[in-house]
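Reading through the structure tokens given below for one structure.
The values are calculated or read from the model by the stated rules, or taken from the named source; none is laboratory data. Because the structure is predicted, anything quoted here is derived from the model rather than measured. All Cβ positions, glycine included, derive from the backbone under ideal geometry; neighbour counts span all protein chains shown. The accessibility values were calculated without ligands, DNA or RNA, using every heavy atom of the protein model including side chains. Shrake-Rupley method; radii C 1.70, N 1.55, O 1.52, S 1.80 Å.
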Amino acid sequence: MSETILSVRNVSKHFGGVQALNKVSFDIHPGEVVALAGDNGAGKSTVIKAISGVFRYDEGDIELDGRRIAFSSPQEARENGIETIYQDLALADNLSIGANIFLGREPMTRLFGFLPVIDRKMMAEAARVTMEKLDFHVSRLDAPVSAFSGGQRQAVAIGRAMYWNARLVIMDEPTAALGVPEQRKVISLIQSLKAQGKGIIFISHNLRDIFEVADRIVVFRRGENAGERIPGETTGDEIVRLMVGK
Amino acid sequence: MTAPETVVPTGKSGIYMPRRSLLMRIADMRAWLFLVVLIAFFEVWSRSAYGVSFILNTYNLQSISVFATAPLLLALGQTFVIISAGIDLSLGFVMGLASVIAAHVANYAALQLGLPPLAAMLVGMLTGIAMTIIPGLVNGWLIAHLKVPPFIGTLGMYGVARGAAYLFAGGMTISVSNSWYSTIGNGRVLGIPVLVILVAIACLIMHYLLSQTRFGQHTYAMGASQAAARRAGINVKKLTMKIYLLSGIMAGVAGVLYTGRFSAGAAQAGEPLLLDSIAAVVIGGASLFGGSGTILGTVAGALVIAVIQYGLVFINVEPFWQFIAVGTVIIISVLVDQTQRRFTGGRQVE
Ligand SMILES: Nc1ncnc2c1ncn2[C@@H]1O[C@H](COP(=O)(O)OP(=O)(O)OP(=O)(O)O)[C@@H](O)[C@H]1O
Ligand SMILES: [Mg+2]
């Protein structure tokens, strides 16, 4: 087996009396899509929040490239190559694709050699190149992203992760708010991220999406590992059985 | 479950982006359009009633532009606040407070400390402007850290600044006799009022800040979605503090320039200007929901209001018509904005 990007080892987390995670473990390798499956409240979102620095975990180890990590903010996780794409997108609707890709990290240049200004040309060019890699050909780079459909906006969020050269891309239900054609598009975007050798954690309630895109399915039940399967060697029925524990 | 039957779409999938129609572009520039229509209206009226030009008249041009300076200064800061999805109701009395302090301190510096007029004026102006840091920071702190809605937080500050301004003024108008103050307030350079030059410089700086810097870019982002801004690593609290600080300082600048123009500090200096400042921003194309607006638009909005106010006096109709005219322009402007939003599909993140 190739090198490991991320390794989650016996991680536990509790909120007050609720044991949200109890010694869960799984690994992610380059170019691999790991789907997290589980019923509502199984702990899927909790584990990715522990990885991406939304909160700290109580016990166990999370290692990125063999180094133990415990980020205290999503910003810190992002600086270390972990990009999280939220279901509700987190784009600024009134800004262009480029401005969204660079939001909070805008490149600067100098006007007349002394006046610092945002380098919009560079942002637009980077947006064009990035979106082309995702097979989106944008005709107007200065248009606000509000003009785009849900799937296209999801592509902008994924483009942002790509541009910043994330090693690990985490997606929590990226297709939940989308229509069927748009879901297909996001699935193909995930495949192009995978082709670039990134590690991907993909959370979905849609078994068809999971079977289509995942290299491995990690099943959680009530905060614990309930099993791990390869899509070609299992069935949807078995995954559902693991999820509900029968 | 078996492999899914749907084929993953590959190949070209262009993002369909209609070019903005001519109509949309005109809607974007509506404040300038209003301005042209208004000027044409007064021009026709003036020529037919008095046989003179309204706009090709140096005195009129000077008066209108000087008229526009104070509301425009308030509107510049208000533009940032409104783009960030906030509102600053305290500006009028923050301006009054700065005006009173600028007058008092200049008098004190000249009479008690014996400073020459220029130094006395500078000390007065700087103190007046520096004072506005307090209401600006308190507004920002209430909104950013204590999560007070901007409308309520700045309404509270409106009361506090109002009381403080009247207390400092002792309920009176503080007159100043300082030649430099009147030069700044009423002087001309090559026929252009000094006030207008100063405010034009302020407009350029604010345009630069809003359109070319990270501070401006983040203000737009925050106005569209605080969550998006926060997740992108922007310190939204600090940004909010900066925005209200800027708006307070611009009110301070307006206040000290008022003191120059009228050789007096007055607590009520900015009282009628607050609504004009909001109107200028809205007529200029900003949305009160945040996320849109420009300095160029705000300048046009302030000029629209000034032309209406001055023009109605010029053609000798009852001055009360100005309220009706400005109110109508605001309503038309908001209606155009909403129609435009519907057509361009301004998607809201739920
Ligand atoms: N911030 C929190 N405070 C308290 N309890 C929490 C918190 N976040 C999650 N939990 C609890 O932890 C458990 C796991 O929740 P989590 O959100 O990880 O589930 P999930 O697998 O993502 O579910 P879903 O499929 O519904 O999104 C649940 O019992 C939930 O109520
Ligand atoms: Mg969840």
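Limited to the range A:220-246, what total is found for residues that are away from chain B (no Cβ under 14 Å) and closer than 27 Å to A:Leu178 by Cα?
3
Residues in the range B:318-331: is at least one touching a residue at least 60 places away in the same chain (Cβ under 8 Å), more than 22 Å from B:Met29 (Cβ to Cβ) and open to solvent by 20 Å² or more (accessible area, probe 1.4 Å)?
Going through the range B:318-331, the residues touching a residue at least 60 places away in the same chain (Cβ under 8 Å) turn out to be B:329.
Okay, now just the ones that are also more than 22 Å from B:Met29 (Cβ to Cβ), so none.
No, that holds for no residue.
For the range A:1-111, which fully contained helices (runs of 4 or more DSSP H) count at least 2 residues that are within 14 Å of chain B (Cβ to nearest Cβ), away from ligand 2 (no atom under 16 Å from the Cβ) and in contact (Cβ under 8 Å) with a residue 12 or more places away in the chain?
Those helices (runs of 4 or more DSSP H) span A:74-79, A:97-101.
Quick test of your reading of the structure: A:Ser188 fulfils all but one of (1) closer than 23 Å to A:Lys49 by Cα; (2) within 13 Å of another protein chain (Cβ to nearest Cβ); (3) more than 16 Å from ligand 1 (Cβ to nearest atom). Name the failing condition by number. Of everything listed in (1) closer than 23 Å to A:Lys49 by Cα; (2) within 13 Å of another protein chain (Cβ to nearest Cβ); (3) more than 16 Å from ligand 1 (Cβ to nearest atom), A:Ser188 misses just condition (1).
Determine, yes or no, whether A:Arg140 is modelled with pLDDT of 90 or more and open to solvent by 30 Å² or more (accessible area, probe 1.4 Å). No. Note on the range B:210-303: enclosed helices (runs of 4 or more DSSP H) holding 3 or more residues that are within 30 Å of B:Ile331 (Cα to Cα) are B:214-224, B:236-262, B:273-283. Open to solvent by less than 30 Å² (accessible area, probe 1.4 Å) and within 14 Å of another protein chain (Cβ to nearest Cβ) - does that describe any residue in the range B:268-275? Taking every residue of the range B:268-275 in turn, none turns out to be open to solvent by less than 30 Å² (accessible area, probe 1.4 Å) and within 14 Å of another protein chain (Cβ to nearest Cβ).
Would you confirm whether any residue within the range B:28-46 is among the acidic types (Asp, Glu) and at pLDDT 50 or above? Show your work before the answer.
Here is the first cut: in the range B:28-46, the residues among the acidic types (Asp, Glu) are B:28, B:43.
Of the ones still in play, those that are also at pLDDT 50 or above are B:28, B:43.
Taking every residue of the range B:28-46 in turn, at least one turns out to be among the acidic types (Asp, Glu) and at pLDDT 50 or above.
A single member of A:Ala226, A:Ala166, A:Ala195 is under 19 Å from A:Ile5 (Cβ atoms), among the aliphatic types (A, V, I, L, M) and open to solvent by 10 Å² or more (accessible area, probe 1.4 Å), and it is A:Ala195.
Checked against (1) among the aliphatic types (A, V, I, L, M); (2) touching a strand residue (DSSP E or B) at 6+ places or on another chain (Cβ under 9 Å); (3) open to solvent by 40 Å² or more (accessible area, probe 1.4 Å), A:Val129 passes all but a single condition, namely (2).
Elements of the type strands (runs of 3 or more DSSP E) sitting completely within the range A:198-246 and holding at least 3 residues that are within 16 Å of ligand 2 (Cβ to nearest atom): these cover A:199-203, A:216-221.
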